[in-house]
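Everything on this sheet refers to the single structure shown next.
The values are calculated or read from the model by the stated rules, or taken from the named source; none is laboratory data. The shown structure was predicted, so the numbers you read here are calculated from the model rather than taken from an experiment. No Cβ is skipped: glycine too gets one built from the backbone with ideal geometry, and neighbour counts run over all protein chains shown. In case anyone asks, the SASA skips ligands and DNA or RNA and just uses the protein heavy atoms, side chains included. Shrake-Rupley method; radii C 1.70, N 1.55, O 1.52, S 1.80 Å.
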Amino acid sequence: MPTVARDGVSIHFEDEGTGPVVVLLHGIAFAGDLWSAIVGPVVEAGWRAVTIDLRGHGASGPSAEPFDLDDVVDDVEAVLDSLGVDEAVCVGNCAGGHVALRFALAARTRVRGLVLSATTAQAMDTVKRLKYQAMMLGVRLAGAKALVGQLKPLFFGPGTLAERHELVDRWAGRWIEAHVASMNEWVTAIGARRDLRHRLGEVSAPTLVLVGDADAALPATPHSDMLAARIHGARYEILTGGIGHEPPLEDPETFTKHLLEFLGPLHRDHG
C-alpha cells in the first residue's frame, strides 16, 4: 500500500494511469474513494490520477495533534515529491478544495490547473464555527451515530437523499467508524482557515469552479460565485437536480463531463 510519512503521519495514496498528473483531494469525513467513479474516465482520457487519503481519513494514519490546512498542503507536496511529479492539475472537493486553493497560491509552478468543487475562499464565520464545534462535542460524547441524521443533509442534497439511499447509507456507515480525534482536529483546522478572498486575483492556473445547486454547507451564493468572479478566466458550472456538497459522488457523470472538458486543453498544452 503506497504511503508517505510526513510529520509523523502516514499518508496513503493511489496512483493510476500514465501521462500528466491529476491529483484528487476529498473533503472531511470522506476518503480517496470519493473519486472512484471519476478516476477511470480520467485515466482513459490519458491522465495519471493520484488520489490521496488526507491525514486522518481512509487508509492514512490518524492525526490527533493540531494541524492547519497549510500542513495538509505539505502532505500533498510530499506525495508528489515521492512520485517525482513536478506539476499537477489539482482537484479538490470541500476541504480538499480549501487545500487545493492554498496549494495553487503557495506553489504556483506546481499547479497547472485548479478545480474547486463545493469550496470557498472565505473564513468560517463565528456562528458556523461554534455550531460545528458543538457537533463534534456531541460526537465525542455520544458517537457519530447519534448525529448521522444531522450530517446527511449537510453533505448530500435533497435529490441524492431521495434517490440514492445506498450511497448515503454507505457513507453514513463510514462516518460512524471515523477516527473521532482526527475529525475533531479537522473541524478545528477548517474553522480556523484564513480568509483568501483578497488573494483570488493571484491564482494564475486555469480554474474550474463546480458546485451543486442544493449545497447546504457552502451554497453557490456567495461562495462559488465569488471564486468564479474573482479568479481570472475561471469557468463556472452548477450541477442541478438537488445536488449537495459532494458533487463527485452525487452526480459523477456530470462532474466527469465538466472535468474532462476542462482537462482537454491542458493535456494538449502538456504535449
**Q.** Dipole magnitude of the stretch 1-77 about its Cα centre (Cβ charges: Lys, Arg +1; Asp, Glu -1), debye to nearest 20
**A.** 220
Q: Using +1 at the Cβ of each Lys and Arg and -1 at the Cβ of each Asp and Glu in the chain, identify which of Ala106, Gln122, Gly96 lies farthest towards the dipole's positive end.
A: Gln122
**Q.** From phi via Karplus (6.51, -1.76, 1.60), per-residue ³J(HN,Hα) for the stretch 103-113 in Hz, x at Gly/Pro
**A.** 5, 5, 7, 8, 9, 4, 6, 8, 10, 8, x
Q: Scale the Cα Rg of the stretch 113-208 by the rule-of-thumb value 2.2 N^0.38 Å and send over the ratio, two decimals.
A: 1.28
Q. In whole percent, what relative contact order does the stretch 173-242 give with Cα contacts below 8 Å and a gap of six or more residues?
A. 33
Q: Have a look at Val91, Val139, Val209 and tell me which one the Gaussian network model of the chain (Cα, springs below 10 Å) gives the largest fluctuation.
A: Val139
Q: Let me have the relative contact order for the stretch 113-269, percent, based on Cα pairs under 8 Å that are six or more residues apart.
A: 33
**Q.** Tensor-based shape of the stretch 52-112 (alpha-carbon gyration tensor, a/c under 1.5 rounded, otherwise prolate or oblate)
**A.** prolate
Q: Note down the relative contact order for the chain as a percent, whole number, built from C-alpha pairs under 8 angstrom at least six residues apart.
A: 21
**Q.** Expected 222 nm ellipticity per residue - DSSP helices of 4 or more, -39500 (n - 2.57), all of the chain, to 500
**A.** -13500 deg cm²/dmol
Q: Apply the Karplus parameterisation 6.51 cos²θ - 1.76 cosθ + 1.60, with θ equal to phi minus 60°, to every residue of the stretch 66-82 and state each ³J(HN,Hα) to the nearest whole Hz, in sequence, with x for glycine and proline.
A: x, 8, 10, 5, 5, 5, 6, 4, 5, 4, 4, 4, 5, 5, 4, 4, 5
Q. In units of 2.2 N^0.38 Å, what is the alpha-carbon radius of gyration of the stretch 134-176?
A. 1.17
Q: Express the accessible area of the stretch 186-271 per residue in Å², computed with a 1.4 Å probe while the remaining protein chains stay in the model.
A: 42
Q. Where is the GNM fluctuation largest for the chain (alpha-carbon springs, 10 angstrom cutoff): Ser204, Ser82, Ser224?
A. Ser82
Q) Which cross-chain or sequence-distant (5 or more) residues have an amide H under 5 Å from the amide H of Gly56, H modelled 1.01 Å from N in plane? A) Gly61, Ser63
**Q.** Spatially proximal lysines relative to Lys131 (Cα-Cα < 25 Å; intrachain offsets below 8 disregarded)
**A.** Lys145, Lys152
**Q.** Chain lengthening between Val180 and Glu166 when straightened (0.36 nm per residue, less Cα-Cα)
**A.** 2.7 nm
Q | Under-5 Å amide H pairs with Arg112, H placed in peptide plane, nonlocal only | A | Ala88, Val89, Cys90
Q.
Quick check for you: with a 1.4 Å probe and neighbouring chains kept, what is the accessible area per residue of the stretch 44-141, in Å²?
A. 35
Q: Between the alpha-carbon centers of the stretch 30-87 and the stretch 88-119, tell me the distance in whole angstrom.
A: 12
